[in-house]
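Data block below; observations after.
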Amino acid sequence: MSEVAGQFDNDIDVEVLVIGAGVVGIYALHQALDAGFTAQTLEAGEGVGGVWYWNRYPSARFDSESYTYAYLFSKKLFDEWRWKEEFATQPEIESYLNHVVDRFDLRRHIRTGEKVASASFDEAGQAWVVRTEKGSVVRARWVISATGGLSVPNYPDIDGLGDFGGQAYHTGAWPHTPVDFVGKRVAVIGNGPSGAQLLPAIVDTVEAVDLYQRTPTWTTPLNNAPISDERQAWLSDNFEDIVKTLSASPTGFLHEPAGKFSSADSAQERQAFYEKIWKSPGFAKLTSNYYDLTTNREVNLEFCAFLANKIRSIVKDPVTAERLIPKDHLFGAKRPPFVTGYFESFNKPNASLISLRETPFVRVDATGIETTERHRDYDIIVFATGFDFGTGALTRMGIRGREDLDLSTDWEDGPSDFAGFSAHLLPNFFFPGGPHGAGGGNYPRYSQDQIDWITKTLIHARDHGYDVFEPTAAQQDQWMTMIETLAPQSIFSAEHSHYYGANVEGKVRKFLLNPGGRAKLHEMLDEMTSTEDFGGALSRANETAHAG
Ligand code: NA7
């Protein structure tokens, strides 16, 4: 416990309460304990892993390279965990996260099956009072809500959804007992990364599968590969350099940049370059592409034309091929899926594509789905319809801050925050992985930055006798001005994407990423930490209580 925290210490159960035991929450707990704080985690699931606990649908996997997504705080951990593939599957990822929890003796600090129902700031006691649905109550000095940006499943608003008499599953809340697809008639709604991963995994098992597509995606091959002994040795030998690169990279990947603008190549050379890019792993299609891919519309259109021809060359039925080609956004404007065998699935006789743009939903009933074209019977409907991105978990957790701030109503017109993990009137409450947190790269690298900064702030507060961290209104305004000014320049500019909240019925359309990326994040955090009291964000509980 802090020696300088003052009169309120006796009232708390724990100094740091982490909510959520996913990738970010596990790291936050580890760092808090490592820094000598008393710490505890409440986790809604019956196990740890967060998205990698809930998204257990067939073929769920990373599309960031396994070792760049994993933790980097321990070389021993990095060396002793052998990832089987460049892009690991969900069971392997879940095992890894369990291994980390046991390896660092974190499990005794984690209470699973404890979904938080409310979190209120007790101004008199300067503590957070967190209650769970089971009735547990924890008083904590600091709360780190690592509840994830993609953790609340989004369901489409179709008439009669509840009437379906067959089996219905959301990819983000998949059952623990395996779903038997053998010989079943299946509808998959949604063709984002989850739907595009699932389709090839079940197409050979089911009797028939229809994929309901609203917006075509620029899906490209993942180009996965096993990790050989040589590759593993290289990773281990180059750990320090890898950490350096991943920490400095704006996107958090190891991919080699192209090193050139498109104008450096002739038309013929550009086609050869795009072939090379097509064969590159995962996000390298964005990060190793021409520098001006995302800034020069003509270059992007040329790459899109190359991709469209690839789709036409893979998909045998020309009508289906044309339906699968995006017409309304450039490559990268919407988060592209990187998947093995997606387009190839539509060549199987039992797989069909249904374009919701041409034939929208009419209703769901007991036996299946009706579109404006006709009714189709199903045994299973899979909702691969994404999540209430960025704000979903935080606005459902009953968070009440200072001056009776109710986060769910305060954020109705879009979230206001500082640095994507804190907010004015929410003293001592951090939400890494929340809105404006990630810049659109490899998530764990962004959230590692956030947790490292939060942990350093807690240590600094302890060492200098501060009890309260709360960004000032001016600091928050400055951050939000940066978000609003730079949002139009973000490559993820398609306004109908979940990065604008557009996939959730009735949600206000506001940009939910950090368009300034890691560079702006660090610049503004450095500005804050240039004074001992972080420009007024740090204060002492006694002062705050008296002032209040
Ligand atoms: P995404 O990427 O949000 O994709 C959801 C998909 O579901 C997408 O194709 C949506 O179409 C579709 N969708 C959503 N609502 C509807 C309705 N009402 N009707 C029809 N289709 C709908 O979620 P994923 O789970 O695939 O991936 C989430 C993240 O996981 C991803 O960002 C990566 O970080 C990994 P739309 O494009 O909105 O027209």
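The values are calculated or read from the model by the stated rules, or taken from the named source; none is laboratory data. Given the structure is predicted, the values throughout are model-derived calculations rather than measurements. Reconstructed Cβ throughout: ideal geometry from the backbone, glycine too, with neighbour counts over all protein chains shown. Surface areas here come from the heavy atoms of the whole protein model, side chains and all, with no ligands, DNA or RNA. Shrake-Rupley method; radii C 1.70, N 1.55, O 1.52, S 1.80 Å.
When residues of the range 173-197 are filtered for being farther than 22 Å from H375 by Cβ and among the small types (G, A, S), how many remain?
So the answer is 4.
Return yes when R139 is away from the ligand (no atom under 16 Å from the Cβ), open to solvent by 20 Å² or more (accessible area, probe 1.4 Å) and touching a Gly at 6+ places or on another chain (Cβ under 8 Å) and no when it is not.
yes
Find the residue count for the range 373-411, including only residues that are away from the ligand (no atom under 16 Å from the Cβ), of a type in the set (D, E) and within 26 Å of the chain's Cα centre (by Cα).
Here the count works out to 2.
Could you please let me know if S194 is away from the ligand (no atom under 16 Å from the Cβ) and hydroxyl-bearing (S, T, Y)?
Answer is no for this residue.
For every residue, the table says whether it meets (1) open to solvent by 10 Å² or more (accessible area, probe 1.4 Å); (2) modelled with pLDDT under 95; (3) not aliphatic (A, V, I, L, M).
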residue: E358; (1), (2), (3): yes, no, yes
residue: F361; (1), (2), (3): yes, no, yes
residue: T371; (1), (2), (3): no, no, yes
residue: I380; (1), (2), (3): no, no, no
residue: T385; (1), (2), (3): yes, no, yes
residue: R400; (1), (2), (3): yes, no, yes
residue: H424; (1), (2), (3): yes, no, yes
residue: H436; (1), (2), (3): no, yes, yes
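How do the pairs read when you match residues in the range 182-198 that are closer than 12 Å to A60 by Cβ and touching a residue at least 40 places away in the same chain (Cβ under 8 Å) with residues anywhere that are more than 6 Å from the ligand (Cβ to nearest atom) and open to solvent by 40 Å² or more (accessible area, probe 1.4 Å), using Cβ under 6 Å and keeping only pairs 6 or more apart or on different chains?
The qualifying pairs are Q197/S59.
For the range 476-507, name all the residues that are near the ligand (Cβ under 10 Å from one of its atoms), touching a residue at least 40 places away in the same chain (Cβ under 8 Å) and either in contact with a Pro (Cβ under 6 Å, 6 or more places away or on another chain) or not aromatic (F, W, Y) (or both).
Answer for the range 476-507, where residues must be near the ligand (Cβ under 10 Å from one of its atoms), touching a residue at least 40 places away in the same chain (Cβ under 8 Å) and either in contact with a Pro (Cβ under 6 Å, 6 or more places away or on another chain) or not aromatic (F, W, Y) (or both): A494, H496, S497, H498, N503, V504, E505.
Which of the residues that make up the range 69-78 are under 15 Å from the mean Cα position of the chain (by Cα) and open to solvent by less than 10 Å² (accessible area, probe 1.4 Å)?
A70
Is it the case that the range 258-274 has a residue that's within 30 Å of F78 (Cα to Cα) and surrounded by fewer than 19 Cβ atoms within 10 Å (Cβ to Cβ)?
Yes - at least one qualifying residue is present in the range 258-274.
Could you identify the single residue in S120, S136, S151 that is in contact with a strand residue (DSSP E or B) (Cβ under 6 Å, 6 or more places away or on another chain) and of a type in the set (S, T, Y)?
From the options S120, S136, S151, the qualifying one is S120.
Output the qualifying pairs, or none if there are none: Cβ atoms under 8 angstrom, residues six or more apart or on different chains, first residue in the range 132-152 and modelled with pLDDT under 95, second residue β-branched (V, I, T) and open to solvent by 10 Å² or more (accessible area, probe 1.4 Å).
From the range 132-152, the pairs are G148/V24; G148/V51; L150/V51; S151/V51.
Yes/no per residue for (1) touching a strand residue (DSSP E or B) at 6+ places or on another chain (Cβ under 6 Å); (2) in contact (Cβ under 8 Å) with a residue 40 or more places away in the chain; (3) closer than 25 Å to Y71 by Cβ:
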| residue | (1), (2), (3) |
| --- | --- |
| L394 | no, yes, yes |
| T409 | no, no, no |
| A419 | no, yes, yes |
| A423 | no, yes, no |
| L426 | no, yes, no |
| H436 | no, yes, yes |
| G439 | no, yes, yes |
| S447 | no, yes, yes |
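Of Y57, Y53, which residue is out of contact with any strand residue (DSSP E or B) (no Cβ under 7 Å at 6 or more places or on another chain), open to solvent by 10 Å² or more (accessible area, probe 1.4 Å) and free of Cβ contacts under 8 Å to residues at least 60 places away in the same chain?
Answer to the selection: Y53.
Looking at I189, I242, I202, can you tell me which residue is under 27 Å from the mean Cα position of the chain (by Cα) and away from the ligand (no atom under 16 Å from the Cβ)?
I242 is the lone residue from the list that is under 27 Å from the mean Cα position of the chain (by Cα) and away from the ligand (no atom under 16 Å from the Cβ).
Need the failing condition index for S145 against (1) crowded, with 21+ Cβ neighbours inside 10 Å; (2) within 16 Å of the ligand (Cβ to nearest atom), just the number.
With (1) crowded, with 21+ Cβ neighbours inside 10 Å; (2) within 16 Å of the ligand (Cβ to nearest atom) applied to S145, the lone miss is (2).
Okay, residues lined up against (1) of a type in the set (D, E); (2) in contact (Cβ under 8 Å) with a residue 40 or more places away in the chain; (3) away from the ligand (no atom under 16 Å from the Cβ):
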residue: N300; (1), (2), (3): no, no, yes
residue: C304; (1), (2), (3): no, yes, yes
residue: A308; (1), (2), (3): no, no, yes
residue: R312; (1), (2), (3): no, no, yes
residue: D328; (1), (2), (3): yes, yes, no
residue: P336; (1), (2), (3): no, yes, no
residue: T340; (1), (2), (3): no, yes, no
residue: F343; (1), (2), (3): no, yes, no
residue: R357; (1), (2), (3): no, yes, no
